[in-house]
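Peer 1: Handing you a structure now.
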Amino acid sequence: MKDKRSTSWIMLENVSHSYGTVSVLNELNLLVNPGEVVVLVGPSGCGKTTILNLLSGHIEPASGSIQTEGIIRTVYQLDSLFPWLTVLENIAIGLRSIPDIARREKELRELIELIHLEDFKHHYPHQLSGGMRQRVELARVLAGDSDILLMDEPFSSLDYQARLHMRTELVHLLEKRPRTVVFVTHDIEEAAQLADRVLVLSNRPATICCELHIDALRPRNLTDNAVIDAMKEILKELGFQTSNNTNMN
Amino acid sequence: MERSKTPEGRAAPVPVASSASQKTTLRFILPITVLLSLLLIWYFISYINLFPAYALPSPGAVLKSFREEMVAGRLISDVIASLWRVGVGFIISAVLGIPVGLWLGQHMYARQAFVPILNFFRFLSPLAWIPFAILWFHIGDKPAIFLIFMATFFPLVLATMSAVATIPSIYFRVAQDYNYKGIELLTKVTFPAVTPQVITALRVSYGIAWVVIVAAEMVGCQDGLGYGIWEARNGLRLDSAVCYMIIIGLLGMGIDRLLAQLTKLPNVRWGYER
């Protein structure tokens, strides 16, 4: 298998976009390096999803240029699995482009093991919990030759504990199958636990108002200093934390 | 449901298990009680001669005529004739109607063009076509099949079409991500996404077909269940008419049960369990 880290990247240059008269993005510049996990955080309606739609090619930017290298897959919020297919068949969708049947079978076995759903492989999505369904989604996007994962608030419809669990799961999956990731969320914890780089977006029209590198190794605990420091920083940028109480009382 | 899997009865006198088995017994006893009461009322009314015997045949007379019809073999051949007509008409309308519905569901301009006229025909009673059916197809299977088609085609098209309109757009988005195009998109995404609703539409339009066949056969045929009732009326043999009515009702229920089995297919269960 080719090394995904070295082949995939994303570059946005002076990208602006608007819906009618509402300007959503303004002169956005962004370079996502191979193998990097970039998390976009920002107020709701600031254009985070628009950025993903531009990257996946579902919409064209009004101006500026977008260059991507690699096969792009998207993880949606929930219920984007086909309900008429079993877990196994849903994952196999991600392997459609592989012509070799034997390789497809092998991949499928590995993926189902990777997400620990061997016992549920013949179940249908409506028979699974929300967390299990998201794991199937992850397996589907990780399948085959994907290079870049776009994640649109993938865990936002799960309950809190399932969300914590899925973060660990994602880190573990990316360790086994490295990908370049652009992850959109409004969950600051999620950003601090997962990101190599957090980009805090301003209100509409969105510009990057702060860039934060987090060097700590993953998996990171929610209570690790690096995570807490990052959260403080992000909260400050978003205007939720005044600078005078940053030291603990 | 998990509960129905609990081991039955005697080994475990658990209240849950006993109430579950009680429920299944009740499921059979209740409708049978209603049925028997109706039979008793019928028997009582004919016993006290509330209506003359020719206007309300007694259960005994119906049973007797049922035996006669069976021996003569006419009832069986009428059943086969009716089932054949409904079957052919219904299959033609499903084979044409479902694809047309899928196509209309995906093309807005086609919808705008055709929906008014489709609605017009849906509300036009298929029985209004009887004079044309007989002039165009004469007497026999063809006019009845034509009427079944006219009765079921329009509701099937419209139901399939509106089912397509309710497919969550996320499925098409995923389909685009994974390169589903053209005919593959239609057969692997659009069609499975509407299958549960199409099955429901098939059951509803089968119900219409079974009602229409009786009327169609009264005028356009020389045999069939509808013709049987018509002939019984002409000979003032209402005992035979009742016997045909019972058969029509039972067959209708039976075939609906068969169609209902389609909803138990594992890859359509999702449509009924959410």
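The values are calculated or read from the model by the stated rules, or taken from the named source; none is laboratory data. As the structure is a computational prediction, the values presented were derived from the model and not from experiment. Neighbour counts run over all protein chains shown; Cβ positions are idealised from the backbone, glycine included.
Peer 1: Can you tell which of B:191, B:149, B:153 is touching a helix residue (DSSP H, G or I) at 6+ places or on another chain (Cβ under 9 Å), within 14 Å of chain A (Cβ to nearest Cβ) and either in a helix (DSSP H, G or I) or buried (at least 23 other Cβ atoms within 10 Å of the Cβ) (or both)?
Peer 2: B:191
Peer 1: If you don't mind, there's one more thing I want to ask. Is it the case that residue A:35 is outside any loop (DSSP other than H, G, I, E, B) and on the phi > 0 side of the Ramachandran plot?
Peer 2: For residue A:35, the condition - outside any loop (DSSP other than H, G, I, E, B) and on the phi > 0 side of the Ramachandran plot - is not met.
Peer 1: In addition: Just wondering, is there one or more residues in region A:111-122 that are modelled with pLDDT of 85 or more, buried (at least 17 other Cβ atoms within 10 Å of the Cβ) and closer than 22 Å to residue A:193 by Cβ?
Peer 2: Checked against the condition, which is being modelled with pLDDT of 85 or more, buried (at least 17 other Cβ atoms within 10 Å of the Cβ) and closer than 22 Å to residue A:193 by Cβ, region A:111-122 yields at least one hit.
Peer 1: Okay, moving on. Scan (1) hydrophobic (A, V, I, L, M, F, W, C); (2) at pLDDT 80 or above; (3) in the same structural domain as residue A:171 (by TED's automatic domain parsing) for the single condition residue A:75 breaks and write down its number.
Peer 2: Failing condition for residue A:75: (3).
Peer 1: While we're looking at this one, here's another question. For residue A:60, all conditions in the list (1) loosely packed, with under 14 Cβ neighbours inside 10 Å; (2) among the charged types (D, E, K, R); (3) not assigned by TED's automatic domain parsing to the domain that holds residue A:190 hold save one; what is the number of the exception?
Peer 2: (3)
Peer 1: Still on this structure, please answer the following. Would it be correct to say that residue A:23 is assigned by TED's automatic domain parsing to the domain that holds residue A:230, surrounded by 14 or more Cβ atoms within 10 Å (Cβ to Cβ), among the hydroxyl-bearing types (Ser, Thr, Tyr) and closer than 29 Å to residue A:131 by Cβ?
Peer 2: No, not satisfied.
Peer 1: Out of the residues in region B:243-270 meeting the condition of being among the β-branched types (Val, Ile, Thr), surrounded by 16 or more Cβ atoms within 10 Å (Cβ to Cβ) and closer than 16 Å to residue B:202 by Cα, tell me which one is farthest from the other protein chains (Cβ to nearest Cβ).
Peer 2: So, considering only residues that are among the β-branched types (Val, Ile, Thr), surrounded by 16 or more Cβ atoms within 10 Å (Cβ to Cβ) and closer than 16 Å to residue B:202 by Cα, the one farthest from the other protein chains (Cβ to nearest Cβ) is B:255.
Peer 1: Name the one entry in B:63, B:40, B:56, B:36 that is over 22 Å from residue B:206 (Cβ atoms) and exposed (fewer than 11 other Cβ atoms within 10 Å of the Cβ).
Peer 2: B:36
Peer 1: Return the residue satisfying two criteria in turn: it lies in region B:221-242 and is in contact with a Phe, Trp or Tyr (Cβ under 8 Å, 6 or more places away or on another chain) and buried (at least 18 other Cβ atoms within 10 Å of the Cβ), and of such residues it is farthest from residue B:130 (Cα to Cα).
Peer 2: Within region B:221-242, the match that is farthest from residue B:130 (Cα to Cα) is B:238.
Peer 1: Name the residue, out of B:217, B:231, B:273, that is within 14 Å of chain A (Cβ to nearest Cβ) and not hydrophobic (A, V, I, L, M, F, W, C).
Peer 2: Going through B:217, B:231, B:273 in turn, the sole match is B:273.
Peer 1: Out of region B:158-188, which residues are surrounded by fewer than 16 Cβ atoms within 10 Å (Cβ to Cβ), within 11 Å of chain A (Cβ to nearest Cβ) and among the hydrophobic types (A, V, I, L, M, F, W, C)?
Peer 2: B:170
Peer 1: Counting just the residues of region A:63-86 that are out of contact with any Phe, Trp or Tyr (no Cβ under 8 Å at 6 or more places or on another chain) and crowded, with 19+ Cβ neighbours inside 10 Å, which one comes out farthest from the other protein chains (Cβ to nearest Cβ)?
Peer 2: Filtering region A:63-86 for residues that are out of contact with any Phe, Trp or Tyr (no Cβ under 8 Å at 6 or more places or on another chain) and crowded, with 19+ Cβ neighbours inside 10 Å, the one farthest from the other protein chains (Cβ to nearest Cβ) comes out as A:75.
Peer 1: Please specify each residue of region A:109-131 satisfying the condition of being part of a helix (DSSP H, G or I) and either within 14 Å of chain B (Cβ to nearest Cβ) or in contact (Cβ under 8 Å) with a residue 24 or more places away in the chain (or both).
Peer 2: Residues satisfying the conditions are A:111, A:112, A:114, A:120, A:125, A:126, A:127, A:130, A:131.
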